[in-house]
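The values are calculated or read from the model by the stated rules, or taken from the named source; none is laboratory data. Owing to the predicted nature of the structure, the values given are computational and were not obtained by experimental measurement. Note: ideal-geometry Cβ built from the backbone for every residue, glycine included; neighbour counts use all protein chains shown. Quick note on the areas: whole protein, heavy atoms, side chains included, nothing else; ligands and nucleic acids left out. Shrake-Rupley method; radii C 1.70, N 1.55, O 1.52, S 1.80 Å.
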Amino acid sequence: MQVYYNHSGIGDVLIFPLQKGEDRDDVQHEKHGDVVKITNSESGHTLGYNIFQASAYFNLQENGAITLTEDFLKEIQEVFQKNELDDKLDIDLSPKFVVGYVKEKDQHENADKLSVCKVDVGDELLQIVCGAPNVDAGQKVVVAKVGAVMPSGMEIKATELRGVPSNGMICSAKELGLPNAPKEKGILVLEDSYEVGQPFEQ
């Protein structure tokens, strides 16, 4: 998960987006000192926060996207407390793009062009329905876990494809936004030197 800071571009404000896919035209803002909470006025879902005077609270050396860590999250929680905002930040910061190992591949019972894969991602075995023609057992692949946000902005959710549960996505180079991605359809197959469960960093 990432937060954003660009002093020269937008000023001394830390942008902390939470929800994807909500209608951002229907929003309301709630000010708590230097913290502005942004919610969807229909659903009530929190879309994110803007923290003004950010350099007074954080030691920000980077411009652009900043990866959110447990320590940084604690600092943000302390800023909330200083500005009398009681919101709790219970956020899963575990890596969402990881190296997986395809242990099994079976034909989907209701679709000729889909495969049902059992993929080891280190701490769990995921069932993922995949439509790539080149997926096969024994491969190391990039898995976008549930909660991952693709470069396109699409969020990966637990779903069913033709009646079969699927929890995650086996990614192609194009879907990952990698440079020089091949135009042919197919997942990215990794070299064997990659370790199952390790974060995949682009």
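Could you check how many residues of the range 104-154 are acidic (Asp, Glu), surrounded by fewer than 15 Cβ atoms within 10 Å (Cβ to Cβ) and not in a loop (DSSP other than H, G, I, E, B)? The qualifying residues number 2.
Taking the stated definitions as given, is residue 99 in a strand (DSSP E or B) and closer than 21 Å to residue 1 by Cα? Here the answer is yes, as residue 99 does meet what is asked. With respect to the conditions (1) of a type outside the set (Asp, Glu); (2) modelled with pLDDT of 95 or more; (3) within 14 Å of the chain's Cα centre (by Cα), residue 166 falls short on a single one, namely (3).
Residues that are open to solvent by 30 Å² or more (accessible area, probe 1.4 Å), under 27 Å from residue 154 (Cα atoms), in contact with a Ser or Thr (Cβ under 9 Å, 6 or more places away or on another chain) and not in a strand (DSSP E or B) are absent from the range 29-38 altogether.
Among the conditions (1) at pLDDT 90 or above; (2) open to solvent by 40 Å² or more (accessible area, probe 1.4 Å); (3) among the basic types (Lys, Arg); (4) touching a strand residue (DSSP E or B) at 6+ places or on another chain (Cβ under 8 Å), the only one that residue 82 does not satisfy is (4). If a residue has to be within 18 Å of residue 126 (Cα to Cα) and surrounded by 16 or more Cβ atoms within 10 Å (Cβ to Cβ) to count, how many in the range 165-186 make the cut? Number satisfying all stated conditions: 7.
Every residue, every condition in (1) farther than 30 Å from residue 18 by Cβ; (2) small (Gly, Ala, Ser), yes or no:
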| site | (1), (2) |
| --- | --- |
| 100 | no, yes |
| 113 | yes, no |
| 148 | no, yes |
| 156 | no, no |
| 165 | no, no |
| 173 | no, yes |
